[in-house]
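Inspection log for the structure reproduced underneath, given as structure tokens.
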Amino acid sequence: MDISKKIEGLKLELKKLESITEQRFKTSKELQNHVRKYESVFQKATDLEKQIKQLEWELMTPEEKEKQEKYLRFLELKAKGEPFDPEEEGLL
């Protein structure tokens, strides 16, 4: 099975879990109870997302990987409040 088809299959499987993982609640207590009840489903969804990201990374060209790494570095610096020029790094 090629990587693209594998990604499609994993995304389909993840979509099936959305009815549980994407629910909204009015109180944090309701949310906590829901998460406890469906802990294994949330873990499976997390694992699927990681697999999808890893496979998508494998499909990227070296240039795309470099651009993605710069973007992630930019987000990290931005979150820390450190200066960073996205135009200088070729992100914009």
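Before moving on, here are some points about what is shown:
- Qualifying positions in the range 2-30 - within 21 Å of the chain's Cα centre (by Cα) and more than 23 Å from Glu56 (Cα to Cα): Ser19, Ile20, Gln23, Arg24
- In the range 1-34, the residues that are among the acidic types (Asp, Glu) and without any contact (Cβ under 8 Å) to a residue 12 or more places away in the chain: Asp2, Glu8, Glu18, Glu22, Glu30
- Enumeration of residues in the range 35-52 that are surrounded by 15 or more Cβ atoms within 10 Å (Cβ to Cβ), closer than 11 Å to Glu13 by Cβ and without any contact (Cβ under 8 Å) to a residue 40 or more places away in the chain: Lys44, Ala45, Leu48
- Inclusion of Ile52 among residues that are touching a His at 6+ places or on another chain (Cβ under 9 Å) and assigned to a helix (DSSP H, G or I) is not warranted.
We did not get these values from a lab; they are worked out from the coordinates using the rules stated. The model shown is predicted, which means the values in this text are computed figures rather than measured ones. Because the Cβ atoms are built from the backbone with ideal geometry, glycine has one as well, and the counts that use them run over all protein chains shown.
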